[in-house]
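Input: a single structure, listed below in structure tokens.
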Amino acid sequence: MVPFRQFLLKIHSRCNLACDYCYMYEGADQSWRDRPRLMALPTAGRTARRIAEHAAEHRLDEVAVVLHGGEPLLVGAAHLDALLGELASAGPRIRFSLQTNGLRLLDEPALLDVLHRYRVAVGVSLDGTRADHDRHRLLPSGAGSWARAAEAVRLLGSAEHRDLFAGLLCVVDLRADPVATYEALLEFSPPRLDLLLPHATWQTQPAGVRRTVPLAPPRGGEPAPYGEWLIAAFDRWYDAPRRETGVRLFEELAVLLLGGRAASEAVGLAPVDLVVVEADGTIEQADSLKVAFDGAAGTGLDVWRHGFAEAAAHPAFRARQRGLGGLGPVCAACPLARVCGGGLYAHRYAAGGAGGGAAGGVAEGAAGGAAGGFAHPSVYCADLDRLIRHIAGRLRADMAGLAGVTGSGRGG
């Protein structure tokens, strides 16, 4: 059994933005409507004790707790302080992080004091240029949120708060220029960037593509607009005369291509070690699964009646810890499988396999990838293929050049 090392806590289930691509509010699973707005302190305390039990059982010296939402900072400074206190006092050393749209940092400065007290690493969602960000990430009034989000990022990047700033998260948009997007984000001097493919499935496909589930690995001629977008961003990042920032996807693909091991569930074959706790204490799989169907992330477990050992033994989690054996036949036959890893699990979903409804989540997960609705390549299969081959080519050329320099030195 693979123990959990990352615990994502949904401490607030509502948001102060109305982003049109949000997988939580706009996706197939609408369970947020029936959940409490914020995680109550007894729920946080119970979760903390469950984490401590799990860490002790598996002799984990340190775990990661990610505070998430909705918009997690809507809990307010006082509740956040109390909640973090519950978590920090329960057991193992905890690395805290938080993903936010940033707006509450401007409205309630006391939040920053709490974040400093518990050394919470803060990532902010910002989608590139003002025009591109404001196309999707809107205030409830319909106005764009870029100006306030940018102000929050500048505040985090100031000398006083820089040690909290973990980086920026940007969702890829084909209508945005990839180089302009990268450079707009770079203006904030982020320590790291995450460029995320929009959450999509074979049923609800990403903007700009219309595909059928492939019956064989890509041959290289398929349209791959998201791959080409990422290639343009990669080349701008890779060709910079000095390291400007880290880009998680590019770095992890490079590590995998060079024979290493990645930490992301989006690529590679590392077993999943992340579990989600919803605001009411429900234990779920990765929340990206909410784009697949209602109940796709469900396990039937909660922190009140179950420990994380029961979650780790659950068929839905075990299915995502089988490495190459957990992939469907098309992915298993692909020469890039160990690098791509089949792509993000949620992005593989197509209806018509085993399950396909609320009760199908466990059935499909239990199938271990050999059957069921997630036994397909990612809806971004062609894009990942194009990107990985491009990065491999760039690395191969540079390593060949390095070998030439080394060889000529020996011959001198």
Open item on the list: Take the conditions touching a residue at least 24 places away in the same chain (Cβ under 8 Å), outside any loop (DSSP other than H, G, I, E, B) and under 29 Å from D294 (Cβ atoms) and apply them to V2. Does it pass?
Closed with: no
Task: Scope the stretch 266-286; condition crowded, with 20+ Cβ neighbours inside 10 Å and either touching a His at 6+ places or on another chain (Cβ under 6 Å) or not small (G, A, S) (or both); matching residues - done: V267, L269, V272, V275, V276, V277, E278, T282, I283, E284, Q285
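Residue-wise test of (1) touching a Cys at 6+ places or on another chain (Cβ under 6 Å); (2) more than 22 Å from P218 (Cβ to Cβ); (3) of a type in the set (V, I, T); (4) without any contact (Cβ under 8 Å) to a residue 60 or more places away in the chain.
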position	(1), (2), (3), (4)
S288	no, yes, no, no
A292	no, yes, no, no
G295	no, yes, no, no
G298	no, yes, no, no
W304	no, yes, no, no
A309	no, yes, no, no
Q321	no, yes, no, no
G328	no, no, no, yes
P335	no, no, no, no
Task: Residue selected from the stretch 89-123 under the condition among the small types (G, A, S) and modelled with pLDDT under 95, by the criterion farthest from A55 (Cα to Cα) - done: S89
Open item on the list: Looking only at the stretch 296-346, how many residues end up being over 28 Å from A44 (Cα atoms) and surrounded by fewer than 17 Cβ atoms within 10 Å (Cβ to Cβ)?
Closed with: 9
Task: Cβ-Cβ under 6 Å pairs, at least 6 apart or on other chains, the stretch 53-68 side free of Cβ contacts under 8 Å to residues at least 60 places away in the same chain and among the β-branched types (V, I, T), far side surrounded by fewer than 21 Cβ atoms within 10 Å (Cβ to Cβ) and not in a strand (DSSP E or B) - done: V63/R5; V63/P92
- [ ] Could you give me the residue pairs with C-beta distances under 7 Å whose first residue belongs to the stretch 197-224 and is acidic (D, E), whose second residue is surrounded by 13 or more Cβ atoms within 10 Å (Cβ to Cβ) wherever it lies, and which are 6+ apart or on separate chains?
- [x] E222/A382
Task: Residues of the stretch 241-265 that turn out to be in contact (Cβ under 8 Å) with a residue 12 or more places away in the chain and more than 12 Å from G341 (Cβ to Cβ), as a count - done: 10
Open item on the list: Pairs please, first residue from the stretch 227-240 and in contact (Cβ under 8 Å) with a residue 60 or more places away in the chain and more than 13 Å from G128 (Cβ to Cβ), second anywhere and surrounded by 20 or more Cβ atoms within 10 Å (Cβ to Cβ) and among the hydroxyl-bearing types (S, T, Y), Cβ atoms under 8 Å, 6+ apart in sequence or on different chains.
Closed with: G227/Y380
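The values are calculated or read from the model by the stated rules, or taken from the named source; none is laboratory data. Computed from a prediction, not measured in an experiment: that's the story for all the values here. Positions of Cβ are backbone-derived with ideal geometry, glycine not excepted, and every protein chain shown enters the neighbour counts.
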